[in-house]
Amino acid sequence: MQNLLKGSLVLTTFALAVILFQISCKKDTTAQTTTTPVLTKEQILVQKEWKVDRLHHVLGGAYSSYSDGGTNTTRIPYEKLRFTFNSNGTGIYIDQFGSSYPTNWKFTTADKRALTLTVNAAAPFTNYWEMVEIADNYLHASVNLTISGNSNNIETFRLIQMP
């Protein structure tokens, strides 16, 4: 009977030790998690230089498109085109020929879905970007273009951030 009591006592002590060990080894569920802050459209816009990734336009009733690294039916070398936006409303525009021009830009609506971009070239011009969507590393927009007095032209494009 004494051996049975000793065996029970040893077994109970061992069980308690296992339970205490398990309790002391549980993960801390109150550990802090890190979250990435959500950037505003302006913060995304001024982060990096942008290039044309995809473009579609109808000019004079004719459709054409450009895809970076793919087909280009526009006859315009869009792979050279670049945009840099600075937080102070200035920037740089590099045209399809590689020429660089200072710019001014600003959002023109409270929801930031419209933007004006004025290129200060020898013959300055302003584009009105509509349906602007900026998120992550892309920007989508559409522009109505007037060419030789004809305003029935549209260009829709996606810009992506340069690495």
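The values are calculated or read from the model by the stated rules, or taken from the named source; none is laboratory data. Because the structure is a prediction, the values reported are computed rather than measured. Here the Cβ positions follow ideal geometry from the backbone for every residue, glycine too, while neighbour counts run over all protein chains shown. The accessibility values were calculated without ligands, DNA or RNA, using every heavy atom of the protein model including side chains. Shrake-Rupley method; radii C 1.70, N 1.55, O 1.52, S 1.80 Å.
Each row is one residue, and each column tells you yes or no for (1) assigned to a strand (DSSP E or B); (2) open to solvent by 50 Å² or more (accessible area, probe 1.4 Å); (3) under 28 Å from Thr36 (Cα atoms).
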| site | (1), (2), (3) |
| --- | --- |
| Ser64 | yes, no, no |
| Glu79 | no, yes, no |
| Thr84 | yes, no, yes |
| Thr103 | yes, no, no |
| Thr118 | yes, no, no |
| Leu159 | yes, no, yes |
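Applying the condition of being at pLDDT 80 or above and open to solvent by 90 Å² or more (accessible area, probe 1.4 Å) to segment 23-42 and asking which residue is nearest to the chain's Cα centre (by Cα) yields Val38. Filtered by the rule that a residue be in contact (Cβ under 8 Å) with a residue 40 or more places away in the chain and either open to solvent by less than 60 Å² (accessible area, probe 1.4 Å) or among the basic types (Lys, Arg) (or both), segment 133-153 gives Ile134, Ala135, Leu139, Leu145, Asn150, Asn153. From the list Val10, Val58, Val46, Val18, the lone residue that is at pLDDT 90 or above and either open to solvent by 100 Å² or more (accessible area, probe 1.4 Å) or assigned to a helix (DSSP H, G or I) (or both) is Val46.
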